[in-house]
Amino acid sequence: MKRTLPAMLAVLLLNGCATVRTLDANKPGAPVVYAGTRLDLYVINGGCCPKDHFGAKAPAYPRLDLPGSMLLDTLLLPLSLLTAAGIGFQATGGL
């Protein structure tokens, strides 16, 4: 029970995370590098229509989401740089 509570909280928090939302946005021309952080800052600064610019809805509380998005964007930086450079990769798991 002690281990499931943090896991459940993490899933609930990541559900509203801007970085997670922008990962599968698949909008041509949308930012890739630090996309979640940029989405949060865009909304915090009063930007309209985040769906048009980023291909994803903004989180309900962007100021609360910003630190987590910055961390996750930093962890995913190597993959987002490869994607921005146009280098595709196919990751497979298992045997």
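The values are calculated or read from the model by the stated rules, or taken from the named source; none is laboratory data. Keep in mind the model is a prediction, meaning the values are calculated, not measured. With ideal geometry, Cβ positions are generated from the backbone for all residues, glycine too; neighbour counts draw on all protein chains shown.
Within the stretch 46-56, the set of residues being in a loop (DSSP other than H, G, I, E, B) and either among the hydrophobic types (A, V, I, L, M, F, W, C) or on the phi > 0 side of the Ramachandran plot (or both) comprises GLY46, CYS48, CYS49, GLY55, ALA56.
State which residue is nearest to the chain's Cα centre (by Cα) when the search covers only the stretch 7-21 and only residues that are in a helix (DSSP H, G or I) and at pLDDT 70 or above. Across the stretch 7-21, the extreme among qualifying residues is THR19. The residue that is nearest to LYS57 (Cα to Cα), counting only those in the stretch 22-45 that are touching a Gly at 6+ places or on another chain (Cβ under 8 Å) and assigned to a loop (DSSP other than H, G, I, E, B), is ALA25.
Restricting attention to the stretch 57-81, which residues are of a type in the set (Ser, Thr, Tyr), part of a helix (DSSP H, G or I) and over 8 Å from ALA18 (Cα atoms)?
Looking only at the stretch 57-81, we keep the residues that are of a type in the set (Ser, Thr, Tyr), and these are 61, 69, 74, 80.
Now restrict to residues that are part of a helix (DSSP H, G or I): 69, 74, 80.
Hits for the stretch 57-81 are THR74, SER80.
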